[in-house]
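Below you'll find the structure, written out as structure tokens, and then a few comments.
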Amino acid sequence: MNPHKQPIRLGVLGLGRAFTLMIPTLSKDPRVALAACFDPNAGATAAFAKAFGGVAHTSAEALCADPNVEWIYVATPHQLHEEHVRLAASQGKHVLVEKPMALSLAACARMQAACEQAGTQMIVGHSHSFNAPVSHAKALIESGQWGRVCMIHAMNFTDFLYRPRRPEELDTAKGGGVVFSQAAHQVDIVRLLAGGDVSSVYARTGSWDPTRPTEGAYTAILNFRSGAFANVTYNGYGFFDSDPWMAGIGEMGWPKDVNTHRLTREKHLATKDEAAEARRKANRNFGGQDYVPDVRPSPAAFQHFGPVIVSCEHADLRLTPYGVEIHDTHGVCLEAPQRGPVPRFEVVDELWSVARDGTPPVHSGAWSAATMEVCLAILESGKKREAIILEHQVPVPPLRL
């Protein structure tokens with residue numbers, strides 16, 4: 001086999017929720033080989049070795065030093081991203097790091113510098129801006145047929161705050177709350193569709209449950225240097241569910257039970273304390289006693305992050321789980337992107353193009369640091385009740401379709 005077309009040998013650093021959700025992609029896509037791992041949970045690393053045949057290392061340092069590993073997938077808690085990206089770069093490893101990139105712009109800059117000095121690549125994800133309908137909408141916009149983007153509306157109502165959480169996930173200073181965990185999805189999407197360069201942010205944030213002492217909701221107006229503006233709204237308090245507006249398809253692309261939010265809150269109320277809640281989360285993750293492998297084929301729908309409507313000069317584009325609806329003077333038509341063989345194949349598409357074809361990443365360190373600047377501005381504006389001017393934005397890189 002051509003050495004440049006062999007599977008990417010991936011080392012997984014952190015076997016928690018992020019990795020659990022990516023297993024149907026990483027284990028089934030022939031372009032990836034799960035070569036090694038490390039997690040403080042020895043049971044999870046043993047399960048990894050048994051399930052995938054990879055090496056179970058006993059430290060993050062040993063994983064990053066493994067000569068059989070090309071890329072490190074950093075899927076550790078938010079506050080550890082900087083440390084682990086810099087560790088991987090120090091061993092000459094490329095990195096695929098989960099969003100949010102880091103908890104400060106200074107940390108983002110240090111991560112970029114570490115990779116630049118080591119000559120290694122960094123991709124930040126897996127925000128929902130990887131989803132095929134987003135790329136397809138971007139291609140429609142770039143065609144010029146519908147004129148310039150004038151306004152974007154993105155919203156999502158979920159049960160995020162009442163899913164099982166570790167204590168730090170409810171502490172904003174440690175990367176908890178919906179702004180750090182969820183805003184990167186929406187911000188990445190609207191930045192890709194509106195040109196990337198956000199000039200200012202005005203936001204309000206909501207923290208309405210003293211037993212979950214972090215932001216559970218936000219709404220923000222993003223002004224772009226192009227003249228476009230976007231409204232992004234997220235509510236994770238688990239009452240209203242916006243997924244019925246997405247044809248009843250949940251975030252991961254599968255049909256969703258209409259009782260999901262109610263059941264999430266019931267399970268939360270039945271959990272006795274922080275330790276029990278943390279155990280619930282660990283038990284449902286890979287290697288946990290309640291973990292059930294997802295053996296379903298690729299879903300019939302694409303993953304999504306709630307309703308997104310792009311208002312152009314000559315049409316409105318609505319992103320759906322099945323493609324992009326074009327609403328213009330002729331009526332409504334649906335354009336459906338090609339489906340891949342595994343869920344979230346779009347993430348591996350970008351990983352492969354960078355690792356094997358030498359293409360610069362779309363979701364680079366610079367791009368993702370700019371997204372984090374917007375997220376941090378949402379928090380700052382929510383506190384100050386004033387607009388925040390941004391200084392570290394970058395334009396949209398070329399998309400590969």
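Couple of notes before you dig in:
- Assuming charge only on the beta carbon of Lys and Arg (+1) and of Asp and Glu (-1), the dipole of the chain about its Cα centre is about 580 debye to the nearest 20.
- The relative contact order of the stretch 135-280 comes to 30 percent, based on Cα pairs under 8 Å that sit 6 or more residues apart.
- Cα-Cα pairs of the chain separated by more than 34 Å (percent): 26 percent
- Cβ-based exposure ranking for Tyr322, Tyr73, in which fewest neighbours within 10 Å come first: Tyr322, Tyr73
- Normalised by the number of residues in the stretch 141-199, the average gap of Cα pairs under 8 Å and 6 or more apart makes the relative contact order 29 percent.
- Stretched out straight at 0.36 nm per residue, the stretch from Glu168 to Arg356 would grow longer than its current Cα-Cα span by 64.0 nm.
- Dipole of the stretch 137-241, positive end: most advanced residue of Phe240, Trp208, Phe229 [Cβ charges, Cα centre]: Phe229
- Distance between the 7 Å Cα→Cβ label points at Glu391 and Ala109: 0.9 nm.
- Model label sites at Asn231 and Asp209, defined 7 Å from Cα along the beta-carbon direction, differ in position by 2.5 nm.
- Sorted by Cβ neighbour density within 10 Å, fewest at the top, the residues Glu277, Glu169: Glu277, Glu169
- Bridges between two residues of the chain, per DSSP, are antiparallel at a rate of about 60%.
- The relative contact order of the chain comes to 20 percent, based on Cα pairs under 8 Å that sit 6 or more residues apart.
- The calculated Kirkwood hydrodynamic radius for the stretch 1-150 is 16.5 Å, given to one decimal from all distinct C-alpha pairs.
- Order of Cys64, Cys150 - criterion: other Cβ atoms within 10 Å of each residue's Cβ, fewest first: Cys150, Cys64
- Sequence-distant aspartates and glutamates (8 or more away, or on other chains) whose Cα lies within less than 15 Å of Lys50: Asp39
- Stretch gain in nm, segment Ala62-Ala247, where the contour uses 0.36 nm per residue and the Cα spacing is subtracted: 62.0 nm
- Distance in nm between pseudo-label sites at Ala139 and Arg265 (7 Å out along the Cβ direction from Cα): 4.2 nm
- Potential lengthening between Glu116 and Asp294 on full extension [0.36 nm per residue; Cα-Cα distance subtracted]: 60.4 nm
- Rounded to the nearest 500, the helix-only mean residue ellipticity at 222 nm of the chain stands at -9500 deg cm²/dmol, with each DSSP H run of n ≥ 4 adding -39,500 (n - 2.57).
Values quoted throughout were computed directly from the atomic coordinates according to the rules given, and no laboratory measurement underlies them. Since this is a predicted model, take the numbers as computed values, not measurements. Positions of Cβ are generated from backbone atoms using ideal geometry, with glycine treated the same way; all protein chains shown enter the neighbour counts.
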